[in-house]
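The values are calculated or read from the model by the stated rules, or taken from the named source; none is laboratory data. Values in this document were obtained by computation on a predicted structure and should not be read as measured data. Note that we place each Cβ from the backbone using ideal geometry, even for glycine, and neighbour counts take in every protein chain shown. Just so you know, the surface numbers come from the protein's heavy atoms only, side chains and all, with ligands and any DNA or RNA stripped out. Shrake-Rupley method; radii C 1.70, N 1.55, O 1.52, S 1.80 Å.
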Amino acid sequence: GELRTVFESLGGRPEMFVYVDDQMCFDSDGLETLDADLYETQAKLFVLDAAKYYLPGRQWAEFDGPTVARFCAGLRDAARRYDSASWLVRHFTRHTKDRDLLDQGAGLSQWYDSCRSVMVALKHPEKPGNSVVWQTKGSIVTQTNPPFGVGYNRGQYGFWQPSDEDFALFGMDEDGRKKDGRPPVSSEDAEQLIYDLLRDGPVSASAVLQEASARRVSTSTLYRVADRLKVVRNNHVWKLFDPYAD
């Protein structure tokens, strides 16, 4: 609803905005549906919010490199066939807020590598309705652009130029790098570690703990995340929980 309102307030014709409320998985059948939708609507931009919900697979799909790469390749192919563009929205969690922007916005490398351009938006702490946007990866055509502000003010959406004071509120420099260095690892790192180790089958607990130490994931964080993800731990062996298992 908010996106439609903005679109129309900027002069977009209502009939040009198509909202698809069916949650679909972009496996081969889903991509055929997207293809048909683009053919019918001739849309110049399609937005997936949030992109991970359209991935084929289970809850770990967003951490699986080959799955993400194939998913993005399918979207690129569909966009090229219809002279369109895809916008993949990803939301990062609160515990990444103290990271460099590249760490916050990219996540798994395949997300970053598969997209032509990557931008990270952070809500401004002192200007309600406004965000500062950094472009952490440029396109083939253009180089990386400087940060810009965007937001709502007195009934109008618009852009503005952030100052050094704005960057300081985020603890960032103009390039989106933290001035105080990289903080300790967090829950998201523990999730990635668990999936990296266990996706191909059970692994000994000692190997998991050894890898956690190497990646600077604390034992308390590791066990807390493992409990939340229902990791099965029997006979000193860890394995991913399978809801479809007998």
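Among the residues of segment 4-20, count how many are open to solvent by less than 70 Å² (accessible area, probe 1.4 Å) and touching a residue at least 40 places away in the same chain (Cβ under 8 Å). Adding up the residues that qualify gives 1. The requirement of being open to solvent by less than 70 Å² (accessible area, probe 1.4 Å), modelled with pLDDT of 85 or more and not basic (Lys, Arg) is fulfilled somewhere in segment 89-109, by at least one residue.
Filter segment 210-231 for residues that are touching a Leu at 6+ places or on another chain (Cβ under 8 Å), free of Cβ contacts under 8 Å to residues at least 24 places away in the same chain and loosely packed, with under 15 Cβ neighbours inside 10 Å and give the result. Across segment 210-231, the qualifying residue is only Thr219. Restricted to segment 120-156, and to residues there that are of a type in the set (Phe, Trp, Tyr) and modelled with pLDDT of 85 or more, the residue that is nearest to Glu8 (Cα to Cα) is Phe148. The set of residues in segment 21-51 being farther than 20 Å from Phe7 by Cα, assigned to a helix (DSSP H, G or I) and either in contact (Cβ under 8 Å) with a residue 40 or more places away in the chain or touching a Lys or Arg at 6+ places or on another chain (Cβ under 7 Å) (or both) consists of Leu31, Leu34, Asp35, Tyr39, Ala51. Total residues in segment 1-20 satisfying the condition of being in a loop (DSSP other than H, G, I, E, B) and not small (Gly, Ala, Ser): the figure is 6. Of everything listed in (1) surrounded by 14 or more Cβ atoms within 10 Å (Cβ to Cβ); (2) free of Cβ contacts under 8 Å to residues at least 60 places away in the same chain; (3) touching a Lys or Arg at 6+ places or on another chain (Cβ under 8 Å); (4) not hydroxyl-bearing (Ser, Thr, Tyr), the single unmet condition for Phe71 is (3).
From the list Asp27, Asp21, the lone residue that is touching a Pro at 6+ places or on another chain (Cβ under 9 Å) and among the acidic types (Asp, Glu) is Asp27.
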